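Chemist: Got a structure for you, written out below as structure tokens; questions coming shortly.
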């Protein structure tokens, strides 16, 4: 007669017995890179990519890295036979990043200016000017996920990253006392995902 292998007691759990730490989605950092069409030193704050990383509140869209082929179906006398499709519906990733907004030097919306300038590289609404891909994409955008002591367990390096949306400044409201945030969306066709194994490298 078969029996279950684990009973509801903390002593039967490997994670508890070996002091494994839970994974948290609040321990991460984002490392931006600006497109070639934007000068890194034009904003007067030293390294602007460090400033951008400090303002990140939230990142969504990382489940795109776990894409799987959708299931297809054949019919035989009314019975379903399932299979995995040989192609994916799409192979790109779209990331959404939410950032804090602050005013520097009383009237300099620095973080907003960076993404405003970036969006103009794709299509400048004021004059219709457009840039080439080599000017409007950044070569990489990195996300590091870590444990409680800061040890990185996963790094995702997105490549050929393009900015496709800037939102968050749509509404003005006398009754709203919340600090403003900016939401930017990126698309990347390529990425490298490095997941630590816990095995010492030889």
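The values are calculated or read from the model by the stated rules, or taken from the named source; none is laboratory data. For clarity, every value in this text was computed on a predicted model and none was experimentally measured. Heads up, the Cβs are rebuilt from the backbone with ideal geometry, glycines too, and the neighbour counts pull from every protein chain shown.
Chemist: Report, by residue number, each residue of segment 1-44 that is exposed (fewer than 10 other Cβ atoms within 10 Å of the Cβ), closer than 24 Å to residue 144 by Cβ and either at pLDDT below 90 or within 19 Å of the chain's Cα centre (by Cα) (or both).
Modeler: Within segment 1-44, 25, 26 qualify.
Chemist: Of all residues in segment 62-115, count the ones that are out of contact with any strand residue (DSSP E or B) (no Cβ under 7 Å at 6 or more places or on another chain) and assigned to a loop (DSSP other than H, G, I, E, B).
Modeler: Of the residues in that region, 17 qualify.
Chemist: Determine, yes or no, whether residue 140 is part of a strand (DSSP E or B), touching a residue at least 12 places away in the same chain (Cβ under 8 Å) and either in contact with a helix residue (DSSP H, G or I) (Cβ under 6 Å, 6 or more places away or on another chain) or closer than 29 Å to residue 23 by Cβ (or both).
Modeler: yes
Chemist: Those residues that are touching a residue at least 40 places away in the same chain (Cβ under 8 Å) and either surrounded by 17 or more Cβ atoms within 10 Å (Cβ to Cβ) or at positive phi (or both), I need them from segment 100-118; list them, please.
Modeler: The answer is 110, 111, 112, 114, 115, 117, 118.
Chemist: Given (1) at pLDDT 95 or above; (2) closer than 25 Å to residue 135 by Cα, identify the lone condition not met by residue 47.
Modeler: (1)
Chemist: Looking at the structure I just gave you, is residue 51 surrounded by 15 or more Cβ atoms within 10 Å (Cβ to Cβ), in contact with a strand residue (DSSP E or B) (Cβ under 7 Å, 6 or more places away or on another chain), in contact (Cβ under 8 Å) with a residue 24 or more places away in the chain and not in a loop (DSSP other than H, G, I, E, B)?
Modeler: Taking the combined requirement at face value, the residue does not satisfy it.
Chemist: Checking the condition in a strand (DSSP E or B) and either modelled with pLDDT under 95 or loosely packed, with under 14 Cβ neighbours inside 10 Å (or both), which residue from 124, 194, 177 passes?
Modeler: Residue meeting the stated conditions: 194.
Chemist: Name every residue in segment 146-174 that is farther than 30 Å from residue 21 by Cβ and either touching a helix residue (DSSP H, G or I) at 6+ places or on another chain (Cβ under 7 Å) or in a strand (DSSP E or B) (or both), in order of residue number.
Modeler: Listed by number, the residues that qualify are 159, 160, 161, 162, 163, 164, 165, 166, 167.
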